[in-house]
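The values are calculated or read from the model by the stated rules, or taken from the named source; none is laboratory data. For clarity, every value in this text was computed on a predicted model and none was experimentally measured. Neighbour counts run over all protein chains shown; Cβ positions are idealised from the backbone, glycine included.
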Amino acid sequence: MTTSVISIQQILESIDTLGKEEQCMIHDILERRLIENNRDEWILLKEQALEDYHTNNVKRGNLDELMTDLDD
């Protein structure tokens, strides 16, 4: 199987040849995919945070202590 690499410019040029309705459909599809990808990333972050919390792999303290840790 041959894999071809298409540049972003080629993709945009191809989209430019489409009608307005088709371009809107592509926009909607891409927007939904980005939302889904972001949702998946947030789920992974949440799961990691819960795991860290349950294994006591978190730092506790007030804002001043947090700022000190960030400066170090």
Discussion item. Looking for something basic (Lys, Arg) and either surrounded by 10 or more Cβ atoms within 10 Å (Cβ to Cβ) or outside any helix (DSSP H, G or I) (or both) - is there at least one such residue anywhere in region 24-38?
Written reply: yes
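Quick check, is residue 34 of a type in the set (A, V, I, L, M) and under 17 Å from the mean Cα position of the chain (by Cα)?
Against the criterion (of a type in the set (A, V, I, L, M) and under 17 Å from the mean Cα position of the chain (by Cα)), residue 34 qualifies.
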Worksheet item: more than 26 Å from the chain's Cα centre (by Cα), at negative phi and free of Cβ contacts under 8 Å to residues at least 40 places away in the same chain: does that describe residue 69?
Response: yes
Discussion item. If residue 18 satisfies all but one of (1) modelled with pLDDT of 90 or more; (2) surrounded by fewer than 10 Cβ atoms within 10 Å (Cβ to Cβ); (3) not in a helix (DSSP H, G or I), what's the number of the condition it fails?
Written reply: (2)
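Among the residues of region 61-68, is there at least one that is touching a helix residue (DSSP H, G or I) at 6+ places or on another chain (Cβ under 8 Å), part of a helix (DSSP H, G or I) and surrounded by 10 or more Cβ atoms within 10 Å (Cβ to Cβ)?
Scanning region 61-68, I find no residue that is touching a helix residue (DSSP H, G or I) at 6+ places or on another chain (Cβ under 8 Å), part of a helix (DSSP H, G or I) and surrounded by 10 or more Cβ atoms within 10 Å (Cβ to Cβ), so the answer is no.
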